[in-house]
Amino acid sequence: MASEKPQDLMVTCTAPVNIAVIKYWGKRDEALILPINSSLSVTLHQDQLKTTTTVAISKDFTEDRIWLNGREEDVGQPRLQACLRETRRSWELRAQTPESQLCLLGNLVSHKVGRTLQAELCSTLTLAPASVSPAVPSAYALAQAYGVEGDLSEVARQGSGSACRSLYGGFVEWQMGEQADGKDSIARQIAPEWHWPQLRVLILVVSADKKQTGSTVGMQTSVKTSALLKFRAESVVPERMKEMTRCIQEQDFQGFAQLTMKDSNQFHATCLDTFPPISYLNDTSRRIIQLVHRFNTHHGQTKVAYTFDAGPNAVIFTLEDTVAEFVAAVRHSFPPAANGDKFLKGLQVAPVLLSDELKAALAVEPSPGGVQYIIATQVGPGPQVLDNTHDHLLGPDGLPPRDL
Ligand code: PMV
């Protein structure tokens, strides 16, 4: 009976979502997931957005299985397979002798040399709208379960390239590297999560629908057809990486905000330069861009910045003292449809009244319901291992509870 199946090892981890301020777009090696340029991101706090993954490993499992948000999914998905394969490869490389294998896997005493243990994964996504990097790695949980130590960038990249930046909290760069084997293409923290305590992040959810052109196919077409992308990767990003690092280290919000917007705009320009063109922004996204610029012009300084990934949702950066006024400006421009009280999720934001001058400066024709809701969050830490067995998403039989 399944319920009598002994569990040899179970690990539950949470991993954060990251948002790039210098964007990654384009691979130079499709198999190893190596990028054509370095990128830099901010790790968002797990109090608002996170993935939780439980990995169970047992000598009794006969196959790999995966559940996502309570539903069993196809374990043959290429990215998941690559993640599992890379984790096991790292583990096998470190475990050449029976003794070291036993040592790595602790209580798996009956494990035989050369046999690949099967893993069961159960993952759940908290509050993540579809286009905010949903593929945060199971790599960390798998690595914990398999006892793989050291740099996990190589494994995490297999889930989704940009996900390797979620291995750390705070501000993280993914160095493109130069080596053909990708060993120097790694994620590295440039400043910890407590470095810039005033920084705030607002996710403006415009549409939670699945994106039309997935990032894998989009990147391939851009690499093949966009001369602007080649120019960006070779001649623009290297300087921007240095400048963005300086802005973060010196907490230069004006510089950080302007470069964030310019880099998002250039990424979307390369999408338009792709043939056939790709467009991820919609009318609401463009209205948000206009709102941010008018808000900044009114204040005579850059107080708010936007960035967009491969979808229409906006991610806004601002400082603590500006959050309430900007949220009020969003409410004014995009009056909530039916869910007024659920419009703002996450961190508390005190309601404020907009001045008549600011309302006039925004000069918007209100678009009711254009922004579905806002998630207010901040910079946060990297993946965490949960110690409490109550946090496991898999029951003692290795299956997810029915009500997950
Ligand atoms: O890692 P992927 O394949 O999900 O691509 C992500 C690409 C962007 O989100 C658009 C930019 C980035 O650096 O996160």
Handout entry: Area accessible to solvent at residue 250, 1.4 Å probe radius, in Å²
Key = 120 Å²
Practice task
Rank these by accessible area, largest first, 1.4 Å probe: 162, 355, 185.
Solution key: 355, 162, 185
Fill in the blank from the handout: Amide H neighbours of residue 69 at under 5 Å, excluding residues fewer than 5 places away on the same chain, with H built from the backbone geometry, are 123, 124, 125
Exercise for the section: Any chance you could tell me what percent of the C-alpha pair distances in segment 314-404 go past 15 Å? Expected result: 70 percent
Completion exercise
In the structure shown, of 23/50; 230/345; 27/345, the pairs separated by more than 27 angstrom at the C-alpha atoms are 230/345; 27/345
Practice task
Scan around residue 344 for amide H atoms under 5 Å from its own, H built in the peptide plane at 1.01 Å from N, and keep only partners 5 or more places away or cross-chain.
Solution key: 374
Completion exercise
Sequence order, segment 70-85: Karplus ³J(HN,Hα) from phi using 6.51 cos²θ - 1.76 cosθ + 1.60, θ = phi - 60°, Hz rounded, Gly and Pro as x, gives x, 10, 5, 10, 5, 6, x, 3, x, 5, 5, 4, 5, 5, 5, 4
Exercise for the section: Return, ordered by residue number, the residues of segment 26-60 whose backbone nitrogen is under 16 Å from a label point located 7 Å along Cα→Cβ of residue 180. Expected result: 28-34
Practice task
Sort 193, 320 by accessible area with a 1.4 Å probe, largest first.
Solution key: 320, 193
Handout entry: Residue-wise HN-Hα coupling along segment 22-29, computed from phi with Karplus coefficients 6.51, -1.76, 1.60 (Hz; x: Gly, Pro)
Key = 10, 7, 9, 8, x, 10, 9, 9
Exercise for the section: Taking H placed 1.01 Å from N in the peptide plane, check which residues at least 5 places from residue 46 or on another chain put their amide H under 5 Å from its amide H. Expected result: none
Exercise for the section: Could you do me a favour and compute the accessible area per residue for segment 251-403, 1.4 Å probe, result in Å²? Expected result: 47 Å²
Problem - Descending Cα extents along the principal axes, segment 163-300, whole Å - result: 40, 40, 29
Problem - Computed lengthening from residue 234 to residue 342, 0.36 nm per intervening residue step minus Cα-Cα distance - result: 34.5 nm
Problem - segment 322-338 - phi-based ³J(HN,Hα) in whole Hz, Karplus 6.51/-1.76/1.60, Gly and Pro as x - result: 10, 4, 4, 5, 6, 4, 5, 5, 5, 4, 5, 7, 10, x, x, 5, 9
Fill in the blank from the handout: PRE zone check, label point 7 Å out along Cα-to-Cβ of residue 31, amide N under 19 Å, scope segment 179-195, hits 179-185
Handout entry: Relative contact order for segment 332-404, counting Cα pairs under 8 Å that sit 6 or more residues apart, in percent
Key = 39 percent
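The values are calculated or read from the model by the stated rules, or taken from the named source; none is laboratory data. In this text, all values refer to a predicted model and were calculated from it rather than measured experimentally. Backbone-built Cβ (ideal geometry, glycine too); neighbour counts: all protein chains shown. What goes into the accessible areas is simple: the full protein's heavy atoms, side chains included, and nothing from ligands, DNA or RNA. Shrake-Rupley method; radii C 1.70, N 1.55, O 1.52, S 1.80 Å.
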